[in-house]
Amino acid sequence: MVTDEERDYMYRVYASQQKARINLGIRRRLAPLLGNDRKRIELVHLLLLSFPGTPVLYYGDEIGMGDNVFLGDRNGVRTPMQWSSDKNAGFSRASPQALFLPIILDPEYHYEAINVEAQQGNPNSLWWWMKRLLTLRQRHRALGRGTIQFLRPENRKILAFTRRHEQEVILVVANLSRFPQPAQLDLSEFKQMTPIELFGRTEFPPITEAPYSLTLSPHAAFWFSLEPLPGPGIPVVSEQPVALLTVSRHWQEALEYQHHAALEQCLGVFLKSQRWFNTGRSLKTIQVKEKVPVPAGEAPLFLALLQAEFTEGDPEDYLLPLAFASGDDATQLIKTSPQLVIARVRVESSGIEGVLYDGCGNKAFLRALCEAMPRRRSFNNDEAVLRAFPTNSLRTAEAEREIATLEPVLYKTQQSNTTVAVGEKYFLKIFRRVEAGANPDLEMGRFLNEKEFTNVPRVAGWVDFERSVGDRFTAAVLTEFLPTAKSAWEFAVEALGRYFERLGLALEHLEAASQPGMPGAVSGVPGGEVAKHHPGGSLVELAAKEAPQPVAALIGTFLESARLLGQRTAELHLALASASDNPDFAPEPFTPFYQRSLYQSMRNLTVEKLGGLRRALPTLPPHVKGDAERVAGMEAAILERLREVHARPIATSRIRCHENFHLGEVLYTGKDFIFIDFEGEPGRALGERRIKRSALRDVSAMIRSFDYASHAALQQQIQQGRIPEDRLKDWEPWTAFWHGWVSAAYLKAYREATTKSKLLPASDEQLAALLDAHLLTKAVYELDHELRHRPEWVHIPLRAILRLIETQG
């Protein structure tokens, strides 16, 4: 269907061998036709799926199969499909001589190298690229149903056109040359719109009246979505999960392949509204990789494994239970828990309408998970299996009967995971972001239970999600529940409230007794015996002292609580370091190489985060801008302090740590402290969370948590009207007073409890250098976090950095 001249050109370029020609065409597969050039193969597929009409893919082209031009007629491209590296390429178990057509044995396209199984295991393969390309085309109706309008750039090696459908506009630009090419496109019709590259969701510069310039690498092709810029004063309205999915017979069809494109759009909108989803990066695509049915009540639910790809960084896997509600149940769900709704679903055969929602809001699903553990139940499909396991405490018939009677209650406030109280007996945590391997929360919980460390909840059971490709990860863990315990953060803030009350009385007495000219009679600042003991200098030096009686009287009983917390932290670390025969937990020494790598990681973090601070300076409020400018100019001084961690040998060891240690991860029972949530920071990779580090990583994190608690309590006093807002500056130094002495008591108790171990350096000088480095690094990390998420709290890490550098320098 081409002219004679075009056919002659086609033969010369693509079929120089006479055997490759047949009738008026070419009998070749795509890969050998294009010299097995991956860039050219991608280019022609992008064009094929960009043009109007129905694209047709010939079997084998999705993996780059070869052909056999020596077979007659069209048989050269009818060779068996290459499914695997097994006998006959996995196509048949028959004798190779009995095959109607031979398999491909050409070394470049041999079935042992080019096959579906191998490419499915390689996320960078042509098979995966084709899968993503087809999914992307399904999402954009303009590519399948839109009109086409060709652009006419002066550079004839550039093909450019637009596809339009309703309000959607797709711009396609392709470089047909094997060399880099410039392109200038007349896009003035679309001025004030922004081209967004569809594969990476990367924003390109906005379109203006001037010709739009692009530079394309050899055989490069782009799909752009042209999207309007929000005008000045026009709010960007967030998307809501109101999309309607229409299925024919039952709601489960919404999870099947033909509905994936629509479902994944709904999931993308839903995930962006969830606190447990990584919103720090721009979401590119979301795919349902696996779904395991979980019998729960009258109809099964599904536990789905989703893969989220972002515009930058590695993809991440998430677990999402999927359930369906209709009628009154759907109405009640929309009214009470709209945050759980993913999409509306209509079943055409029955006329039923309902909602697809997060199954963590379904009590039958939660109960099914809990009851599966004592029974060691498994749920599976062809691709994955969900396995439940109990510990000894849950293996009894009595425990099995008891757990069936308990009511699961979903916590409304969710963080990085989903938490459920099961009666007043158990605590169920469902992990959302998952990685292959045991979750540290389960791994460390079981280890500490085995070591009979009593200040952690006992693990009762867990659920693993195992894929056919070999990946296995923790989906949920069931632990002992402590209903009467409160958060240590809440306990500390309450103690600080009483501290500020005592301080307020001291202020009133001092001001009443003060006369002009008397020593210490500075208006609004407490003096006397307490003021003499304001902490300063090194925390290690302060921890070597006992708190004077006036200090102890002012701070109150929390000083003793800090000592107990320090002792329990030491006991936790000693337990984690007690298994020399377990390579996952055996302590390792500080080596010069590790000290150098520790400094380098601290240095890289500091340089990156201080760069972010300098960029944020123009946007900071005036009351913190001065401190921010001082900290931004302290990079050299901070790095000099951090350099102390490798300036000399440090005699200490590295152990597994909590990794996200703060007052919020500790429970207070009224008599003792219980440590919870050993998962670490979910935003970090699993391997990074399992690295052995200095115990001071946890110690410094708790000391920084004391600082945050003191400022939070002061703000609470102002909000409750107990402290006038205009007196804030007079009271702020007394948060440092409380923080200094409480931290010293905590560190003193920790050091005393670890004297006979190698958890801390014996030398005060080495301990101070290592502790200061960890405190500085933690404060710099907090600075970046507050700039991104809580600008009103940015003064806390800023002043901590200034205090560490200026008062301890």
So residue 93 passes all but one of these: (1) outside any helix (DSSP H, G or I); (2) closer than 30 Å to residue 141 by Cβ; (3) not small (Gly, Ala, Ser). Which condition number does it fail?
(2)
Considering only residues that are open to solvent by less than 10 Å² (accessible area, probe 1.4 Å) and in contact with a helix residue (DSSP H, G or I) (Cβ under 7 Å, 6 or more places away or on another chain), which ones fall in segment 256-276?
263
If I ask for residues that are touching a Leu at 6+ places or on another chain (Cβ under 8 Å) and among the charged types (D, E, K, R), which ones from segment 434-462 would you list?
435
Across segment 563-591, which residue is most open to solvent (accessible area, probe 1.4 Å) among those that are more than 17 Å from residue 455 (Cβ to Cβ) and acidic (Asp, Glu)?
581
For segment 476-489, which residues satisfy the criterion of being at pLDDT 95 or above and either open to solvent by 60 Å² or more (accessible area, probe 1.4 Å) or touching a Ser or Thr at 6+ places or on another chain (Cβ under 6 Å) (or both)?
489
Selected residue (criterion: nearest to residue 382 (Cα to Cα)) from residues of segment 463-475 that are buried (at least 18 other Cβ atoms within 10 Å of the Cβ) and in contact with a Gly (Cβ under 9 Å, 6 or more places away or on another chain):
473
Members of segment 599-615 found to be open to solvent by 20 Å² or more (accessible area, probe 1.4 Å) and of a type in the set (A, V, I, L, M, F, W, C), listed by number
605, 607
Take the conditions open to solvent by less than 60 Å² (accessible area, probe 1.4 Å) and either of a type outside the set (A, V, I, L, M, F, W, C) or part of a loop (DSSP other than H, G, I, E, B) (or both) and apply them to residue 785. Does it pass?
no
Identify all residues within segment 645-686 that are acidic (Asp, Glu) and in contact with a Gly (Cβ under 9 Å, 6 or more places away or on another chain); write none if there are none.
659, 677
Failed item in (1) touching a Pro at 6+ places or on another chain (Cβ under 6 Å); (2) within 17 Å of residue 712 (Cα to Cα), with residue 796 passing the rest:
(1)
Does residue 757 fit the bill of being modelled with pLDDT under 95, among the small types (Gly, Ala, Ser), touching a His at 6+ places or on another chain (Cβ under 9 Å) and surrounded by fewer than 21 Cβ atoms within 10 Å (Cβ to Cβ)?
yes
Scanning segment 333-345 for residues that are in a helix (DSSP H, G or I) and under 13 Å from residue 273 (Cβ atoms), the one least open to solvent (accessible area, probe 1.4 Å) turns out to be 340
All but one of (1) part of a loop (DSSP other than H, G, I, E, B); (2) of a type in the set (A, V, I, L, M); (3) closer than 26 Å to residue 470 by Cα hold for residue 103, so report the exception by its number.
(3)
When you check residue 791 against the structure, is it buried (at least 20 other Cβ atoms within 10 Å of the Cβ) and touching a residue at least 12 places away in the same chain (Cβ under 8 Å), yes or no?
no
Scanning segment 310-332 for residues that are open to solvent by 40 Å² or more (accessible area, probe 1.4 Å) and acidic (Asp, Glu) gives 312, 314, 328, 329
Of everything in segment 296-309 that's outside any loop (DSSP other than H, G, I, E, B) and among the hydrophobic types (A, V, I, L, M, F, W, C), which residue is most open to solvent (accessible area, probe 1.4 Å)?
302
Tell me which residues, restricted to segment 97-119, are touching a residue at least 60 places away in the same chain (Cβ under 8 Å) and open to solvent by 30 Å² or more (accessible area, probe 1.4 Å).
108
Among the candidates 308, 323, single out the residue that is within 22 Å of the chain's Cα centre (by Cα) and among the small types (Gly, Ala, Ser).
308
Could you pull out the residue among 713, 773 that is open to solvent by less than 10 Å² (accessible area, probe 1.4 Å), farther than 30 Å from residue 595 by Cβ and either in a loop (DSSP other than H, G, I, E, B) or in contact (Cβ under 8 Å) with a residue 60 or more places away in the chain (or both)?
713
Of the numbered conditions (1) in a strand (DSSP E or B); (2) open to solvent by less than 30 Å² (accessible area, probe 1.4 Å); (3) under 30 Å from residue 470 (Cβ atoms); (4) at pLDDT 90 or above, residue 293 satisfies every one except a single condition; which is it?
(2)
Would you check if there is a residue in segment 757-764 being hydrophobic (A, V, I, L, M, F, W, C), farther than 28 Å from residue 636 by Cβ and touching a Ser or Thr at 6+ places or on another chain (Cβ under 6 Å)?
yes
Going by the conditions given, is residue 560 open to solvent by 60 Å² or more (accessible area, probe 1.4 Å), modelled with pLDDT of 95 or more and closer than 25 Å to residue 494 by Cβ?
yes
Residue in segment 689-709 that is at pLDDT 95 or above, over 23 Å from the mean Cα position of the chain (by Cα) and over 30 Å from residue 651 (Cβ atoms) present
yes
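The values are calculated or read from the model by the stated rules, or taken from the named source; none is laboratory data. Remember, it's a predicted structure, so these values are computed and weren't measured experimentally. Cβ sites come from the backbone with ideal geometry, for glycine too, and all protein chains shown count toward neighbours. With ligands, DNA and RNA removed, areas are computed over all heavy atoms of the protein, side chains included. Shrake-Rupley method; radii C 1.70, N 1.55, O 1.52, S 1.80 Å.
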